[in-house]
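Notes follow once the structure below has been shown.
The values are calculated or read from the model by the stated rules, or taken from the named source; none is laboratory data. If you're wondering where the values come from, they're calculated on a predicted model, not measured in any experiment. Don't worry about glycine lacking a Cβ; one is built from the backbone with ideal geometry, like all the others, and counts go over all protein chains shown.
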Amino acid sequence: MPADRAAETGRPPASYVTRVLGEVPCQPGVPKPDAILIATDVHRQFGGLTAVDVAHLEVQRGSITALIGPNGAGKTTLFNLLTGFDRPDTGQWTFNGESIARMPAHRVARSGMVRTFQLTKVLSRLTVLENMRLAAPHQIGEEVYAAVLPFLWRRQERIVTDKAMRLLRQFNLAEKAQDFAGSLSGGQRKLLEMARALMTDPVMVMLDEPMAGVNPALTQSLLAHIRDLRESGMTVLFVEHDMDMVRDISDWVVVMAQGQIIAEGPPASVMADARVIDAYLGAHHDRPLTADGQSLTRADAEVSSP
Amino acid sequence: MDWSAVLGQALTQAVGIQAIIYCLAAIGLNMQFGYTGLLNFGQAGFAAVGAYAIAVLVVTFDWGLWPSMAMGILGAIVLALLLGVPTLRLRADYLAIVTIAAAEVIRLVSRSVTFNDVFGGSDGITGKFAAEFYALNPFIAVDPEFSGLTLGPLRYTRNDSWIWLAGWALIAIVLLIFWLLVRSPWGRVLKSIREDEDAARSLGKNVYLYKMESLIIGGVIGALAGFVFAASSQSVQPDNYATALTFFAYTVLILGGAARVLGPVAGTIVFWFLIVFIGEFLTGALRAGWIPDELLRPDQIGQVRFMLVGLGLMLLMIFRPQGMFGDRRELALDAR
């Protein structure tokens, strides 16, 4: 069984993921050899509008999977459902073999699936370091009775701080550790949010538009960080409009339109798919793909999540 | 005008019994509003629960004072649960609506004719219910002739001296625990909820549980304010626990600086100093003929001093919106 093999080796190398996914047929809802996330019949309706209607979706363990689609396709709603920030009308899904459908968001996060937000949610009036420390799991000092007895948690706090500083150095935020997170630039906030997500020791990282509002100078560094996540054995699912980025780093692309999954496959084949070009580009059909990606990114940043 | 009397009175009240009561109420709000972002507009209700618990249980049901206090704390916990369970999963404004209504319900029920036998109607309860407390007066134990405390300009009567000392000791203990709590990882989770509860949730924090803990702790501190209020006057009157108590406590909190451990202490001292000083000054000025009678009558002083205090607070908020202990840079950050 591939699942067993992945569990033994711990971290399947990128080439392994690419090879395995290369053998998977390009059909919507296709099963993957070693899926970490398996969702079936996920349905969410807002009044008369069907926001999400996903028949079947599997995400390969250790892969970087992109979720793309035009505005209003239901990508963020699907994210919210999977991470417990919204309740589905119907639907079942398992993560790492465990059913997490309808589980409250904090328990989803504790089970190893951590998310970031389209509009970055840094905790402005906490320092960058406090943002990081907060995210560490299993903190004794977070119990109210232990909080008043510092000797119970001081040692753990030191370990948490070391880990936080290590990650901050990795994300080039170490000099900002004592600054309020609210004083960071948009790109630095994206970096902090990603670093903070890593503090939770996640198995799978869900990034909602990691590139939105990031200046081009930081883009390469963010891309490298996302690749690093895969190298260290994590699974990444991300929503993105920037086609260059999707082509650049994803192993697999899932395309949504009007709440449904209309296509799946490796980036090159998906982007050549006529259905995808029709659904995704719509009215902007005649313009070059990359320039369009930029304008879509900006337009979408103005539409907040439902 | 006798300046030393005016100043002496103002200073005595600035750290007096009223100041202690509002300081405690504001410390409770600091936990809820300052650190967690919970809008509890019913702190008067929590104080009323504490005050009525000791008055009713001792006078009407013949309980001892100490078990009555334990019941008062239990009552505050139950009230926090009642208010929190239905509202803490909802947006912040629901808690505000429910708490302000609940505090009024408590006041109106306790002053209603129906429960006259238990709560004493609109007159409330007067009796020697804090006698057990005053029997412990250490000043009398040391000096049987003791007639009151004089510390420089501060002057307190025999009984006031003891509750004054006990009140500030209580504040010191509460603040110590408060300080330990908010500087711990637990306090960090509270602050993260204040900043963005979805972010806290996405990092695996059970937001609902922490909000409930914060509401309970703040409410219990509110009940302690009720104990001091009731014991200091040996009486409870329902209209003392109207919304004004809550909003004065908020004033004290914001004046001192929200989310600062010592904010409520500084706030209450300045607030009570100003109120008493302005009142005494206007009285003295009228008597000395500095203000013509047509402009201000003695019975209007009570209202005018609140107008002037209000004006002062507005100026403070314009020129120092972060309060006395706050950090302006922190306030200037966008609260996204």
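Quick rundown of the values:
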{"item": "Those residues of region B:235-277 which are in contact with a strand residue (DSSP E or B) (Cβ under 9 Å, 6 or more places away or on another chain) and buried (at least 23 other Cβ atoms within 10 Å of the Cβ), in sequence order", "result": "B:Val236"}
{"item": "Candidate set: region B:206-216, residues that are under 22 Å from the mean Cα position of the chain (by Cα) and more than 8 Å from chain A (Cβ to nearest Cβ); chosen: the one surrounded by the most Cβ atoms within 10 Å (Cβ to Cβ)", "result": "B:Ser214"}
{"item": "Count of residues meeting criterion [buried (at least 23 other Cβ atoms within 10 Å of the Cβ) and more than 16 Å from A:Val254 (Cβ to Cβ)] in region A:63-79", "result": "0"}
{"item": "Test: residue in region B:128-146 that is aromatic (Phe, Trp, Tyr), assigned to a helix (DSSP H, G or I) and more than 20 Å from B:Gly222 (Cα to Cα)", "result": "yes"}
{"item": "Count of residues meeting criterion [facing chain A (nearest Cβ under 7 Å) and either over 20 Å from A:Arg155 (Cα atoms) or among the small types (Gly, Ala, Ser) (or both)] in region B:172-186", "result": "2"}
{"item": "Verdict on B:Arg287 being farther than 28 Å from B:Arg158 by Cβ and either at pLDDT 90 or above or over 21 Å from the mean Cα position of the chain (by Cα) (or both)", "result": "yes"}
{"item": "Single residue of region B:188-200 satisfying the filter (more than 7 Å from chain A (Cβ to nearest Cβ) and under 30 Å from B:Phe227 (Cα atoms)) that is surrounded by the fewest Cβ atoms within 10 Å (Cβ to Cβ)", "result": "B:Arg194"}
{"item": "Search result, residues across region A:257-274 that are over 15 Å from A:Val30 (Cβ atoms) and not small (Gly, Ala, Ser)", "result": "A:Gln258, A:Pro267, A:Met271"}
{"item": "Residues (within 12 Å of chain B (Cβ to nearest Cβ) and part of a loop (DSSP other than H, G, I, E, B)) located in region A:138-189", "result": "A:His138, A:Gln139, A:Glu143, A:Val148, A:Leu149, A:Asp179, A:Leu184"}
{"item": "All positions within region A:123-135 that are within 9 Å of chain B (Cβ to nearest Cβ) and surrounded by fewer than 24 Cβ atoms within 10 Å (Cβ to Cβ)", "result": "A:Ser124, A:Arg125, A:Leu126, A:Glu130, A:Arg133"}
{"item": "Of residues in region B:132-160 being within 21 Å of B:Trp63 (Cα to Cα) and in contact (Cβ under 8 Å) with a residue 12 or more places away in the chain, the one surrounded by the fewest Cβ atoms within 10 Å (Cβ to Cβ)", "result": "B:Leu136"}
{"item": "Residue check for B:Gly152: out of contact with any Ser or Thr (no Cβ under 7 Å at 6 or more places or on another chain) and at positive phi", "result": "yes"}
{"item": "Given (1) farther than 19 Å from A:Ala146 by Cα; (2) more than 7 Å from chain A (Cβ to nearest Cβ); (3) not β-branched (Val, Ile, Thr), number of the condition B:Leu203 does not satisfy", "result": "(2)"}
{"item": "Residues of region A:111-122 satisfying the condition of being assigned to a loop (DSSP other than H, G, I, E, B), at the interface with another protein chain (Cβ under 8 Å from one of its Cβ atoms), under 15 Å from the mean Cα position of the chain (by Cα) and not hydroxyl-bearing (Ser, Thr, Tyr)", "result": "A:Phe117, A:Leu119, A:Lys121"}
{"item": "In region B:315-330, residue nearest to the other protein chains (Cβ to nearest Cβ) [restricted to those that are of a type outside the set (Asp, Glu) and in a helix (DSSP H, G or I)]", "result": "B:Arg329"}
{"item": "Of the criteria (1) closer than 26 Å to B:Val98 by Cα; (2) surrounded by fewer than 20 Cβ atoms within 10 Å (Cβ to Cβ), which one B:Asn40 fails", "result": "(2)"}
{"item": "Criterion violated by B:Arg305 - all others in (1) more than 14 Å from chain A (Cβ to nearest Cβ); (2) touching a helix residue (DSSP H, G or I) at 6+ places or on another chain (Cβ under 9 Å); (3) in contact (Cβ under 8 Å) with a residue 60 or more places away in the chain; (4) not polar (S, T, N, Q) satisfied", "result": "(3)"}
{"item": "The one condition in (1) under 28 Å from B:Arg107 (Cβ atoms); (2) surrounded by 14 or more Cβ atoms within 10 Å (Cβ to Cβ) that B:Asp299 fails to fulfil", "result": "(2)"}
{"item": "A:Thr40, sole failed condition from (1) out of contact with any Pro (no Cβ under 9 Å at 6 or more places or on another chain); (2) crowded, with 22+ Cβ neighbours inside 10 Å; (3) assigned to a strand (DSSP E or B)", "result": "(2)"}
{"item": "Close pairs (7 angstrom Cβ cut-off, 6 or more residues apart or separate chains): in the same structural domain as A:His43 (by TED's automatic domain parsing) in region A:98-111, assigned to a strand (DSSP E or B) and surrounded by 19 or more Cβ atoms within 10 Å (Cβ to Cβ) anywhere", "result": "A:Ile100/A:Trp93; A:Ala101/A:Gly91; A:Ala101/A:Trp93; A:Ser111/A:Phe95"}
